[in-house]
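Single-structure report; data block below.
The values are calculated or read from the model by the stated rules, or taken from the named source; none is laboratory data. What you see is a predicted model, and the numbers here were worked out from it, not measured in a lab. Reconstructed Cβ throughout: ideal geometry from the backbone, glycine too, with neighbour counts over all protein chains shown. Please note that ligands, DNA and RNA were not included when accessible areas were found on the heavy atoms of the full protein model with its side chains. Shrake-Rupley method; radii C 1.70, N 1.55, O 1.52, S 1.80 Å.
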Amino acid sequence: MKPLTQKDGPGEGGLTRRDFLRATSALAAAPLFVQAGTANADEPEVQPQAAEKIVPTCSTFDCGGKCDIRAHVREGVVTRISTCPDNEVDPAMPLMRACVRGRGYRQFVYHPDRLKYPMKRVGKRGEGQFERISWDEATTLIADNLRRITAKYGPASRFMHTDTAVSGGAFSGDKMARRLLNMTGGYLESYHSVSMGNTAAATPYTYGTAASGSSLDTLSDTKLVILWGHNPNETIFGHTNHYFQQMKRNGTRFIVVDPRYSDTVASLADQWVPLLPTTDNALMDAMMFVIISENLHDSAFIARHVIGFDENTMPEGVPAGESLMAYLFGEKDGVKKTPEWAERITHVPAQTIRQLARDYATTRPAALIQGWGPQRHICGERTARGSTLLATITGNVGVKGGWAAGYGGIGNRLFCADPYSVPNPVTAKISIMNWVQACDDAAKVTPDNGLKDAETLSSNIKFIFNLAGNYLANQNPDINQTVKVLEDESKVEFIVVSDLFLTPSARYADLLLPETSFMERWNIGETWGTGNYLLLSQKLVEPEFERRSDYDWLRDVARKLGIEARFSEGRSEKEWIAHIWEKTREALADHDLPDFAGLCRNPHVYLKSPPYVAFEENIRDPDNHPFPTPSGKIELFSKRLWEMQHPEIPALSHYVPAQEGPQDTLRAKYPLQLITWKGKNRANSTQYANPWLQEVQRQQLWINPQDAQARGIQQGDSVRIYNDRGVVQIPAEVTPRVMPGVVAMQAGAWWQPDADGVDNGGCPNVLTSARITPLAKGNAHQTLLVEVTKHASV
Ligand SMILES: Nc1nc2c(c(=O)[nH]1)N[C@H]1C(S)=C(S)[C@@H](COP(=O)(O)OP(=O)(O)OC[C@H]3O[C@@H](n4cnc5c(=O)[nH]c(N)nc54)[C@H](O)[C@@H]3O)O[C@H]1N2
Ligand SMILES: Nc1nc2c(c(=O)[nH]1)N[C@H]1C(S)=C(S)[C@@H](COP(=O)(O)OP(=O)(O)OC[C@H]3O[C@@H](n4cnc5c(=O)[nH]c(N)nc54)[C@H](O)[C@@H]3O)O[C@H]1N2
Ligand SMILES: [Mo]
């Protein structure tokens, strides 16, 4: 195989855009892939001949949105992508126009580097050397290894990896692989969403549940929105931006709190408040100090619904000095949490903090909406809970136009039915943060660091299905450590990867399988966050070469294991989709859904649920609807957390300096905080190789002019970003869009190490830490210190 370098990608040195267009449209005439540079420049463009069909569909990626994609199909080839035409826009629905990623799908699906055949590893694991084999050989290898490994180590030695690329669909190979494993003894499950698991774990300590999101149509009259580390202009989050742009036009004021001047700041904000990463709680503490000092809190709301505000509303058995008031006014530690105190920690000017606090508390209702970037930190649980404290003391919980917490899904969201899952006989579960340890030495995975429902693991992980994920060696933190474990072939014995590309993770496969893309499969797209509709993801074209859907080859594996009939219930992929749809119709009987044939005729199902305000009942009628907390009230102070006596999860969420944060002594060696963001040109690492999308945004390091100047770095210089975990080398973007002391790069670039292990791709996870958050046992991809130097040879 070719080495995995940027030059091999189509963006540089490979296909030009013109070659690319020709290569893909030429498919109409000859279904062959033109390799880079082989297209004949004199060849005339292929003219449209056959009738064009415009087929509505959607992708099933984990990209934050489900857009209305219109594929123009001619003679079995997708020749163009457009989107919902203006005359079909339903004014009652969010605009679902395809974004830049959707517009570029053809370059993903018809990419010349796409995997074409099943392949078996020939070199050492990780070298990326493979040879073509038949599907019969491939499925026999899987069945034999499953049998052998299960007999030797037990079903709990089998692991299903993170695989978000197919999570946006009601059906997927990964879901069916779980079914197959469960029908043959089970597998080791993981818990914790690396997306928002820290918020999900922390929020119930305030409200008793994590389901704390309202629908965005309830914000139409909100005068002030504070977006706290939230960048929906790029991350979409179920068409949030659609609502926000409408609100902006109607006069809503937007403030964005983010170390970066994000695209959302650029397009929406009246004010940008940059702060040092991991110091959000200090800003929140000082805001609460101002609000209470100036008597701007909602006393009536607090008296009725809240415990932990002052000494009179504390749970029994807790000594004096632990309430919110006591903390803010320094009764125990002698430190008043003033704006001046917070300015030193956050680098937000005290006067800005004062004004922000006053603006939030005096605009009723106001919505403080946290994205998930701030909680993908080692202090993420505290940051997520901090927002709930601010929302509570200002009476913004349970009221239309307010917002209760960190961004959660809405409570009345629509999902498809699940008629395929079967119970997992293995009860032990690990946090997703434990997987490397479970491959290396399972004895190190304990209830203290993440093991659930067992005291010990019965075996190391010996078999991995990694279907539609790049979490083996790209998206997981601390890659250099991880690959050492994966390279040891005596540890994990068999790794099956299915993908569309030879990704950095795919290089660690023992068996590499070329899956179909969403354009070559049937599915139903489900929305994200606050979206609330279902879309048919129609199959557009037949798979080329020997590509197969994961479900299709899993049937062969099931046959070789003697369980095919039970596994498939005789259904093809499309028949499963029809079955899921029928079960969904039954479950959502109130919605009068069309039957599957009707859905195929009209593939957009807009289910208009009424506006939804989280906790509305609990606030309107608390006697009959107590909060599902131990006290039945909103708990600013959580006695459950108090009993844990863990300094990093205080019972009252407040600022605690983070490891590898701005107050860590490690800053003497590594003075800059590095954060990542999810950019518009890919969904995590999906579509990394798409040449059009590589033109949209280059992988470079944002660095403030002050920090650049101090290091003699100029715009475009190649810089080395390093810490004890690794080295990345990419160009510098010297820009005031990131505050001094912080550097930033986009998440999801492919790891491309050279012979010295220096990554030239710009994969931040060479530098990130695998440290585990204290409460959720979750990820902290965003908390790390680095140094940056100009690269000498440039
Ligand atoms: N275009 C695009 N959209 C996506 C994705 C994608 O890859 N590309 N991925 C999807 C997925 S899987 C997910 S989970 C979501 C993720 O959505 P988010 O987690 O909300 O997205 P991020 O870009 O990681 O973070 C949001 C913002 O937080 C800021 N931030 C980082 N650290 C801090 C901090 O300490 N404090 C504050 N206040 N702000 C901070 C970042 O600068 C960033 O602008 O997005 C989804 N949508
Ligand atoms: N530094 C840093 N790291 C992060 C994050 C961060 O913000 N910063 N974010 C984290 C978050 S929130 C998430 S959700 C994870 C995401 O991490 P992953 O779950 O690994 O998601 P992707 O990186 O999108 O990788 C998906 C892979 O599936 C492939 N694929 C796409 N479509 C198909 C298909 O139809 N079939 C098959 N078989 N394969 C397909 C793609 O080519 C891609 O290689 O990353 C996490 N990692
Ligand atoms: Mo995510």
Residues (over 17 Å from ARG354 (Cβ atoms), within 11 Å of ligand 1 (Cβ to nearest atom) and open to solvent by less than 10 Å² (accessible area, probe 1.4 Å)) located in the range 263-278:
THR264, VAL265, LEU276, PRO277, THR278
Looking only at the range 245-263, count every residue that is touching a strand residue (DSSP E or B) at 6+ places or on another chain (Cβ under 8 Å) and within 16 Å of ligand 2 (Cβ to nearest atom) and tell me the total.
4
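Tell me, which strands (runs of 3 or more DSSP E) lie completely within the range 477-547 with 1 or more residues that are in the same structural domain as VAL557 (by the TED database)?
Output list reads 494-499, 511-514.
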In the range 574-587, anything in contact (Cβ under 8 Å) with a residue 60 or more places away in the chain and open to solvent by less than 30 Å² (accessible area, probe 1.4 Å) is listed as TRP576, ILE577, ILE580, TRP581, THR584
Out of (1) modelled with pLDDT of 95 or more; (2) out of contact with any helix residue (DSSP H, G or I) (no Cβ under 7 Å at 6 or more places or on another chain); (3) surrounded by fewer than 24 Cβ atoms within 10 Å (Cβ to Cβ), the odd one out for ALA211 is which?
(1)
THR503 versus (1) away from ligand 1 (no atom under 16 Å from the Cβ); (2) open to solvent by less than 10 Å² (accessible area, probe 1.4 Å): which is the lone unmet condition?
(1)
Only one of (1) modelled with pLDDT under 95; (2) open to solvent by less than 60 Å² (accessible area, probe 1.4 Å); (3) not in a loop (DSSP other than H, G, I, E, B) is not met by ILE619, so which one is it?
(1)
In the range 117-130, anything in contact with a strand residue (DSSP E or B) (Cβ under 6 Å, 6 or more places away or on another chain) and exposed (fewer than 15 other Cβ atoms within 10 Å of the Cβ) is listed as VAL122
Residues in the range 552-569: is at least one in contact with a Phe, Trp or Tyr (Cβ under 8 Å, 6 or more places away or on another chain), closer than 30 Å to GLU131 by Cα, in a helix (DSSP H, G or I) and open to solvent by 40 Å² or more (accessible area, probe 1.4 Å)?
yes
Exactly one of (1) open to solvent by 70 Å² or more (accessible area, probe 1.4 Å); (2) modelled with pLDDT of 95 or more is unmet by PRO611. Its number?
(2)
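I'm trying to understand the selection: among the residues of the range 245-262, which are closer than 19 Å to ASP359 by Cα and open to solvent by less than 60 Å² (accessible area, probe 1.4 Å)?
Scanning the range 245-262 gives MET247, GLY251, THR252, PHE254, ILE255, VAL256, VAL257, ASP258.
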Quick check on my filter: what residues within the range 57-110 are assigned to a loop (DSSP other than H, G, I, E, B) and away from ligand 1 (no atom under 16 Å from the Cβ)?
ASP68, GLU75, GLY76, CYS84, PRO85, VAL89, ASP90, PRO91, ALA92, MET93, LEU95, TYR110
Say whether the condition of being more than 30 Å from PRO94 (Cα to Cα) and surrounded by fewer than 24 Cβ atoms within 10 Å (Cβ to Cβ) is met by at least one residue in the range 521-530.
no
Tell me, please, whether a residue that is in contact with a Pro (Cβ under 8 Å, 6 or more places away or on another chain), at pLDDT 95 or above, closer than 30 Å to PRO628 by Cβ and among the charged types (D, E, K, R) can be found in the range 257-269.
no
Looking at PRO365 and the list (1) away from ligand 3 (no atom under 16 Å from the Cβ); (2) buried (at least 20 other Cβ atoms within 10 Å of the Cβ); (3) closer than 30 Å to THR676 by Cα, which single condition is not satisfied?
(3)
Say whether the condition of being touching a helix residue (DSSP H, G or I) at 6+ places or on another chain (Cβ under 6 Å) and either in the same structural domain as GLU234 (by the TED database) or under 30 Å from MET288 (Cα atoms) (or both) is met by at least one residue in the range 640-648.
yes
What's the number of the condition GLN709 fails, among (1) part of a strand (DSSP E or B); (2) without any contact (Cβ under 8 Å) to a residue 24 or more places away in the chain?
(1)
In the range 478-500, which residue that is under 16 Å from ILE432 (Cβ atoms) and open to solvent by 10 Å² or more (accessible area, probe 1.4 Å) is nearest to ligand 2 (Cβ to nearest atom)?
ASP478
Among (1) buried (at least 24 other Cβ atoms within 10 Å of the Cβ); (2) in contact with a strand residue (DSSP E or B) (Cβ under 9 Å, 6 or more places away or on another chain); (3) of a type outside the set (Asp, Glu), where does ASN474 come up short?
(2)
Exactly one condition in (1) closer than 19 Å to GLN782 by Cβ; (2) open to solvent by 10 Å² or more (accessible area, probe 1.4 Å); (3) of a type in the set (Ser, Thr, Tyr) is false for SER653; which is it?
(2)
Complete set of residues in the range 298-321 that are open to solvent by less than 30 Å² (accessible area, probe 1.4 Å) and over 15 Å from GLY398 (Cα atoms)
ILE307, GLY308, PHE309, PRO315, VAL318, GLY321
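Among the candidates ASP163, ASP90, ASP68, which residue alone is under 26 Å from PRO691 (Cβ atoms), touching a residue at least 60 places away in the same chain (Cβ under 8 Å) and not assigned by the TED database to the domain that holds VAL485?
Every option except ASP68 fails the conditions.
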Please go through the range 322-356 and give me each residue that is touching a residue at least 60 places away in the same chain (Cβ under 8 Å) and open to solvent by 70 Å² or more (accessible area, probe 1.4 Å), ordered by number.
HIS347
Residues that are assigned to a loop (DSSP other than H, G, I, E, B), in contact with a Pro (Cβ under 8 Å, 6 or more places away or on another chain) and within 14 Å of ligand 2 (Cβ to nearest atom): does the range 682-689 have at least one?
yes
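Just to be sure, is GLN729 in the same structural domain as GLN782 (by the TED database), under 19 Å from LEU275 (Cα atoms) and either open to solvent by 10 Å² or more (accessible area, probe 1.4 Å) or in contact (Cβ under 8 Å) with a residue 40 or more places away in the chain (or both)?
So GLN729 does not fit the description; no.
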Has the range 447-468 got any residue that is assigned to a loop (DSSP other than H, G, I, E, B), open to solvent by 10 Å² or more (accessible area, probe 1.4 Å), within 22 Å of SER549 (Cβ to Cβ) and within 10 Å of ligand 2 (Cβ to nearest atom)?
yes
Flagged pairs (Cβ under 8 angstrom, 6 or more apart or on separate chains; first in the range 223-250, closer than 22 Å to GLY168 by Cβ and in contact (Cβ under 8 Å) with a residue 12 or more places away in the chain; second open to solvent by 30 Å² or more (accessible area, probe 1.4 Å) and more than 16 Å from ligand 1 (Cβ to nearest atom)) are HIS239/LEU95; HIS242/LEU95; TYR243/ASP217; TYR243/SER220
